[in-house]
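Structure first, commentary second.
The values are calculated or read from the model by the stated rules, or taken from the named source; none is laboratory data. Small disclaimer: the values here were computed from a predicted structure and weren't measured. A quick note on method: Cβ atoms are made from the backbone with ideal geometry, for glycine too, and the neighbour counts reach across all protein chains shown. What goes into the accessible areas is simple: the full protein's heavy atoms, side chains included, and nothing from ligands, DNA or RNA. Shrake-Rupley method; radii C 1.70, N 1.55, O 1.52, S 1.80 Å.
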Amino acid sequence: MAMASSSPSVLLKSPISPSLALHFHGGEFPKSQPWIRARPRTKFYCRNVVSAQSEVRREDIVIVGGGIAGLATALSLHRLGVRTLVLEQAESLRTSGTSLTLFKNGWRVLDAIGVGNVLRTQFLEIQGMVVKSEEGKQLRSFTFKDEDESQEVRAVERRTLLETLASQLPAGTIQFSSKLEGIQRTDQDEVKLELVDGSQLMAKIVIGCDGIRSPIARWMGFSEPNYVGHCAFRGLAYYPNEQPHEPKVNYIYGKGLRAGYVPVSATKVYWFVCYNSSSPGPKITDPAVLKQQAKELVKNWPSELLNIMDTTPEDTLIRTPLVDRWLWPAVSPPASSGRVVLVGDAWHPMTPNLGQGACCALEDAVVLARKLATALKSEAPSVEEALRSYGTERWPRVFPLTVRANVVGSALQWDNPVVCSVRNNVVIPKLVRLGPLLEHTNFECNAL
């Protein structure tokens with residue numbers, strides 16, 4: 001959502017250095033992708049936007065960002081009896097995008113916060129995985145239950161996941177049209193938040209769930225995420241009657257190019273095309289151009305992929321550069337600074353090659369909620385200690401996954417013909433074992 005020209009210029013005072021200040025506008029942060037408005041039924045839980053005024057509202061816990069991380073954190077805390085306010089800059093739930101894959105660790109979290117079964121009934125359980133060459137030759141196939149009987153894999157529509165999480169929150173939890181303009185720490189050990197409409201909030205605790213280009217992460221001293229050299233087209237094909245594909249993940253590997261598709265439900269199929277690019281390139285919003293470019297990349301590939309792309313509504317098409325941030329020990333700032341803490345992509349953006357971005361955000365949410373709720377209900381540990389403990393527990397989990405996702409993606413994007421031949425004829429058919437590759441989906445999570 002673009003900032004109005006009449007908005008006041010509010011500086012961001014960094015906790016790292018009093019002299020460091022950043023503007024949220026003036027081109028420092030890329031404009032977000034366009035969002036599809038949520039359906040009217042989702043509005044019953046929204047809070048009316050506060051009009052610009054001089055007085056400062058006080059809140060105990062403010063969550064900045066109403067995406068998966070923000071809503072999962074709010075719901076986790078709600079299950080533990082802790083009230084929050086969620087600030088979302090869009091006018092409604094950010095329900096654009098396609099789908100995301102959730103493995104068993106993600107489902108364990110969703111079960112813990114009480115929405116797993118609601119979602120299971122709407123999406124197909126994926127039975128296995130098939131890997132093919134660009135010529136259509138099958139290189140290998142796997143069945144998930146053969147590798148791990150407890151494994152559960154489903155592709156979930158982002159829109160449905162967000163609406164489900166939001167519907168479980170108390171009325172008034174989410175405040176839309178609330179874009180953050182400034183943040184600063186006060187002498188009273190509180191955090192002052194200023195919104196672009198001029199309203200101000202004073203929070204005892206701020207949880208940054210504001211995504212890959214998180215302004216709060218920047219305020220805390222984190223670097224911008226790094227572009228990894230690949231871009232991806234994504235879409236969600238729609239079949240009015242019934243989609244014809246088996247419930248399996250299908251991967252197709254070429255030279256510096258790969259694609260895949262997976263059935264989401266009885267009528268929808270998610271697909272992607274990932275390609276090497278030295279730079280992210282210009283932002284393209286025309287869906288017809290996006291579809292044309294994606295199809296051109298794989299025009300000689302198996303016909304079922306092209307047919308899926310042809311049945312894709314234009315409003316589901318997106319193209320994104322892939323980025324991540326490596327949380328090097330003793331180099332990267334900690335996950336928390338005083339009573340400000342980061343969750344999900346705001347802290348540890350990772351590439352989608354392991355399907356763990358959303359799963360890790362869900363894990364973050366329940367771990368943070370448990371530690372914070374315990375601190376709030378007793379004098380020990382303190383809130384600051386609880387937030388530090390969250391970062392200490394989660395770092396050994398998310399840092400290796402970020403690195404592994406990057407390495408896997410780089411290997412799958414090889415463009416050397418000899419290396420690709422070895423990959424397709426030796427590594428994948430004879431050496432790859434799926435079981436060890438899925439060990440990272442083990443995560444224990446009891447009901448809140």
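May I ask you to say which residue of L305, L297 is closer than 18 Å to K132 by Cα and surrounded by 21 or more Cβ atoms within 10 Å (Cβ to Cβ)?
Checking each option against the conditions leaves just L305.
I'm trying to understand the selection: among the residues of region 248-261, which are open to solvent by 10 Å² or more (accessible area, probe 1.4 Å) and assigned to a strand (DSSP E or B)?
K248, V249, N250, Y251, Y253, L257, R258, Y261
Please state which one of A171, A90 is in a loop (DSSP other than H, G, I, E, B), of a type in the set (A, V, I, L, M, F, W, C) and under 26 Å from V340 (Cβ atoms).
Residue meeting the stated conditions: A90.
What number goes with the only condition from (1) within 16 Å of G344 (Cα to Cα); (2) open to solvent by 40 Å² or more (accessible area, probe 1.4 Å); (3) in contact (Cβ under 8 Å) with a residue 12 or more places away in the chain that A365 does not pass?
(2)
Exactly one condition in (1) touching a Pro at 6+ places or on another chain (Cβ under 9 Å); (2) open to solvent by 40 Å² or more (accessible area, probe 1.4 Å); (3) part of a strand (DSSP E or B); (4) more than 30 Å from S337 (Cα to Cα) is false for Y227; which is it?
Only one criterion is unmet by Y227, namely (4).
Name the residues in region 115-130 that are open to solvent by 30 Å² or more (accessible area, probe 1.4 Å) and within 15 Å of K104 (Cα to Cα), would you?
Within region 115-130, N117, R120, L124, E125, Q127 meet the criteria.
Those residues that are closer than 30 Å to D364 by Cα and loosely packed, with under 12 Cβ neighbours inside 10 Å, I need them from region 412-434; list them, please.
R433
If you go through region 70-83 one residue at a time, how many are open to solvent by 10 Å² or more (accessible area, probe 1.4 Å) and touching a Gly at 6+ places or on another chain (Cβ under 9 Å)?
So the answer is 1.
When the residues of region 284-294 are narrowed to those that are open to solvent by 20 Å² or more (accessible area, probe 1.4 Å) and touching a residue at least 12 places away in the same chain (Cβ under 8 Å), which ends up nearest to P263 (Cα to Cα)?
Applying the filter and picking the extreme gives K291.
May I ask you to say which residue of S96, S133 is among the hydroxyl-bearing types (S, T, Y), surrounded by fewer than 20 Cβ atoms within 10 Å (Cβ to Cβ) and modelled with pLDDT under 95?
S96
Restricting attention to region 175-213, which residues are touching a Phe, Trp or Tyr at 6+ places or on another chain (Cβ under 6 Å) and part of a loop (DSSP other than H, G, I, E, B)?
Of everything in region 175-213, just one residue is touching a Phe, Trp or Tyr at 6+ places or on another chain (Cβ under 6 Å) and part of a loop (DSSP other than H, G, I, E, B), namely R213.
If you take the residues of region 142-158 that are surrounded by fewer than 19 Cβ atoms within 10 Å (Cβ to Cβ) and in contact (Cβ under 8 Å) with a residue 40 or more places away in the chain, which of them is farthest from L431 (Cα to Cα)?
S150
Any chance region 390-399 includes a residue that's in contact with a Cys (Cβ under 8 Å, 6 or more places away or on another chain), outside any loop (DSSP other than H, G, I, E, B) and modelled with pLDDT of 95 or more?
Yes, there is a match, as at least one residue in region 390-399 is in contact with a Cys (Cβ under 8 Å, 6 or more places away or on another chain), outside any loop (DSSP other than H, G, I, E, B) and modelled with pLDDT of 95 or more.
Mind checking which pairs have a first residue in region 237-250 that is closer than 24 Å to S141 by Cβ and a second that is open to solvent by 70 Å² or more (accessible area, probe 1.4 Å), Cβ under 9 Å, 6 or more apart or different chains?
Within 9 Å, the pairs are A237/N307; A237/D310; E246/Q127; P247/Q127; K248/Q127.
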